[in-house]
Each structure stands twice: as C-alpha cells, then as structure tokens.
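Since the structure comes first, as structure tokens, the remarks are kept for the end.
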Amino acid sequence: MITCDLCGKAKDCLQKEIDGRQYDVCAECWNPLAQRLEGKGRKIRETVFLPPRPVKEREEEEEPLPGGPPKIWGALEA
C-alpha cells in the first residue's frame, strides 16, 4: 500500500507524472482529475525540415511555346 499524494490515504496507487514531477495517485483521485485536465495539455509543434528536392537536369528538348502543339507523354504496354 502506498499513500496517495492527493487524499493522503493508504491505497493502491499508480505513479503519474504531472508537470515533470512524479506523484502517487489512487484511482479515486485520478479519475476526476483526469476529466478536468482532458484537452488542456500542451500542443507540441515541431518544425520538420524536408530534404531539398533533387535537381533534375533539363532534357535537351525545350518545353513547347504557348500556342504550340502540346508534348504527349505515354508508354506502350507489351
């Protein structure tokens, strides 16, 4: 049996981390506390840097000019 840090009674308690500190809290104390704290946590936003896009070498053919015939890409299935 462990003494609950919230109610002070000797009960089967679980260790919970709140604001970086460890507390021994029984289920009777934890359930109402968890309901009040629901949705109030910090939102951690991380910046993710993606690798640069690979540089494609331009093909020798240039893109068609506006108003010119379109370039058609396709493949034959064998």
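The values are calculated or read from the model by the stated rules, or taken from the named source; none is laboratory data. As the structure is a prediction and not an experimental result, all values here were calculated from the model. So basically every Cβ, Gly included, is an ideal-geometry build from the backbone, and we count neighbours across all protein chains shown.
Computed values, structure above
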read-out	value
Tally, over segment 27-44, of residues that are at pLDDT 80 or above and either more than 17 Å from residue 7 (Cα to Cα) or exposed (fewer than 10 other Cβ atoms within 10 Å of the Cβ) (or both)	2
Total residues in segment 32-54, condition part of a helix (DSSP H, G or I) and of a type in the set (D, E, K, R)	1
Leading residue by the ranking (modelled with the lowest pLDDT) among those in segment 5-26 that are among the small types (Gly, Ala, Ser) and part of a loop (DSSP other than H, G, I, E, B)	20
